[in-house]
1. From the list 94, 22, exactly one residue is free of Cβ contacts under 8 Å to residues at least 12 places away in the same chain and either under 19 Å from the mean Cα position of the chain (by Cα) or assigned to a loop (DSSP other than H, G, I, E, B) (or both). Which is it?
2. Within the bounds of the stretch 83-91, is there any residue that is over 21 Å from residue 148 (Cα atoms) and in a strand (DSSP E or B)?
3. With the structure loaded, tell me whether residue 46 is over 15 Å from the mean Cα position of the chain (by Cα) and surrounded by fewer than 22 Cβ atoms within 10 Å (Cβ to Cβ) or whether it fails that test.
4. What's the number of the only condition in (1) at pLDDT 95 or above; (2) part of a strand (DSSP E or B); (3) outside the structural domain of residue 66 (by TED's automatic domain parsing) that residue 296 fails to meet?
5. Would you confirm whether or not the stretch 190-199 contains a residue that is farther than 22 Å from residue 31 by Cβ and assigned to a helix (DSSP H, G or I)?
6. I'm trying to understand the selection: among the residues of the stretch 200-225, which are more than 14 Å from residue 5 (Cβ to Cβ) and assigned to a helix (DSSP H, G or I)?
7. Mind counting the residues in the stretch 15-40 that are more than 14 Å from residue 82 (Cα to Cα), buried (at least 22 other Cβ atoms within 10 Å of the Cβ) and touching a helix residue (DSSP H, G or I) at 6+ places or on another chain (Cβ under 6 Å)?
8. Of the residues in the stretch 319-347, how many are surrounded by 16 or more Cβ atoms within 10 Å (Cβ to Cβ) and assigned to a helix (DSSP H, G or I)?
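The values are calculated or read from the model by the stated rules, or taken from the named source; none is laboratory data. Everything numeric here is computed off the predicted structure, so don't read it as measured data. Don't worry about glycine lacking a Cβ; one is built from the backbone with ideal geometry, like all the others, and counts go over all protein chains shown.
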């Protein structure tokens, strides 16, 4: 396994490189930061529901959909990214749940924070907190035969920009979003008086990952094979088709009553593992179609479409038992989101 210390890269590469590495059959830990700001949404999110797309376009702020779950976040060069790509059959991977995976490998950034004098600790599902505030945004995914873990050391954070880029019903609500983010997300600059130079922080993060993973060869450039795969992925992942994609819907009138006995419900529910949204079409008490989105994590991710399909033809009274059977038979995991949580928004 290699440690790729890449420093400042284009915002596109800050996402494309870790998406590409498993697709060329390599493990590694990538350390980098984006040269320019952008906003990144989770795999299961609806960009137009979560982000003020018009404002982003008018102000030249790119928006990217990653293949990792979780929520929308503003990213810039004041955040130092770590991106770990590891084979599922690597002996270092714990044989347990996704929580065991998070707990083991998030110890690296936790140790980095502690070395700075910040009392970081792991909090399920996937948070790193210090002094009761989140200090790192992290997430995980599966790409082919590899597990992906991404996150950051937050040196500083633009709270105002984060609140401005999110889609909210009015400015009063935006003020509440700003205050909530500021009160619950901290940075290295807020936690310690003297912030080390960026080069020292990169070295610290590399060292703490080697404590967890063992010695790694250091590479500071992107070779031709990796570059070619990243560019190839960009032809898909940098398109509006990918960013604005929606699961296909059938019929018409997603948000209107079509006729007596035919309804469309839209609900949201905040589970421990993230916000869940569902739009459900119901005819005479039976689900005909459901769209599920949100900022949660779901493994394997493609099974979410299968879960939605499994609810078609199910009566509202049988939603939760159907979800529970699906989880059991398909072996899916959604850390912090249970069948009961999903049942809250379906129907």
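1. Unique residue meeting the criteria: 94.
2. no
3. Considered against the rule, which asks whether it is over 15 Å from the mean Cα position of the chain (by Cα) and surrounded by fewer than 22 Cβ atoms within 10 Å (Cβ to Cβ), residue 46 comes out as no.
4. Tallying (1) at pLDDT 95 or above; (2) part of a strand (DSSP E or B); (3) outside the structural domain of residue 66 (by TED's automatic domain parsing), residue 296 fails exactly one: (2).
5. yes
6. 211, 212, 213, 224, 225
7. 2
8. Count: 12.
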